[in-house]
1. What is the set of long-range amide H partners of Tyr205 at a cut-off below 5 Å, with H atoms built 1.01 Å from backbone N?
2. List, in the order given, every pair from Lys140/Lys169; Lys60/Lys162; Lys44/Lys185; Lys162/Lys197; Lys140/Lys185 whose Cα-Cα distance in the structure shown is over 18 Å.
3. Can you pull the one-decimal nm distance between simple spin-label points at Ser99 and Ser42, each 7 Å off the Cα toward Cβ?
4. Would you give the gap between the C-alpha center of the stretch 92-163 and the C-alpha center of the stretch 174-195, rounded to a whole Å?
Amino acid sequence: MKKKIILSIILLMTFWGYSQNDPIMADFGLINNTLITFELTSEKDFVSHKNYSFVYNVDKEIQKRDSLYVLNLENKTIILQDKFDEEDPAFTKYTYQFSVANFLCFEVRYYEITTNLIINQESGSITELLGEIIFSPDCKFIFVASKTINYDPFQNTIEVYKIANNQIKLITEYNIGNWIPDSIKWINNKTVLFVQKFNSNNTNYLKMTISEN
């Protein structure tokens with residue numbers, strides 16, 4: 001009980017004023033009927049849990065020809081065209097990664113950074129996410145870590161998205177300052193474990209839990 005009270009105080013203090021040196025982040029309240037909470041865990045707990053992967057496939061019919069992809073979707077056609085000069089700020093290179101649920105996922109390399117395009121195969125809507133993206137095992141959530149520490153003008157963030165009614169919606173975003181999440185794994189449909197890795201090479205182990213009402 002004492003540990004729970006101490007943890008609640010830490011979370012409340014963090015909510016009112018998050019410092020980049022704080023090892024733990026607060027929940028930011030109920031958004032879209034979804035609550036995101038973070039708590040410290042142990043290395044033993046982290047190691048003991050298996051990583052549960054989402055189910056995906058690689059569509060062999062999606063091929064790049066003449067430096068472009070032509071995607072004939074249900075309601076529209078999308079063309080993704082490479083621009084090859086890596087010295088040109090307009091440089092863009094698309095690479096198909098996989099298909100999951102009703103979405104196509106592409107990696108996009110730009111002049112300074114790499115992002116991900118998630119394309120809805122029905123509507124043709126496109127969501128662009130910066131950094132490492134990991135779907136939950138049931139493909140209802142996406143954990144996104146930008147991992148752009150000390151890389152202006154891009155913020156170093158954690159984002160959590162919810163997939164509902166065939167749409168991808170941002171639930172919450174945290175600017176995490178001087179650390180990155182590493183060795184990220186979903187251990188069930190609503191829980192993520194990761195290593196909190198600081199510039200100073202110090203580490204913590206964190207658990208993120210999703211609660212829905």
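Laboratory data are not the source of any read-out in this text; all were calculated from the coordinates shown. Given the structure is predicted, the values throughout are model-derived calculations rather than measurements. Cβ atoms come from the backbone with ideal geometry, glycine included; neighbour counts cover every protein chain shown.
1. Result for Tyr205 returns Thr41, Gln196.
2. As for pairs spanning more than 18 Å Cα to Cα, those are Lys60/Lys162; Lys162/Lys197.
3. 4.5
4. Cα centroid to Cα centroid, the span is 15 Å.
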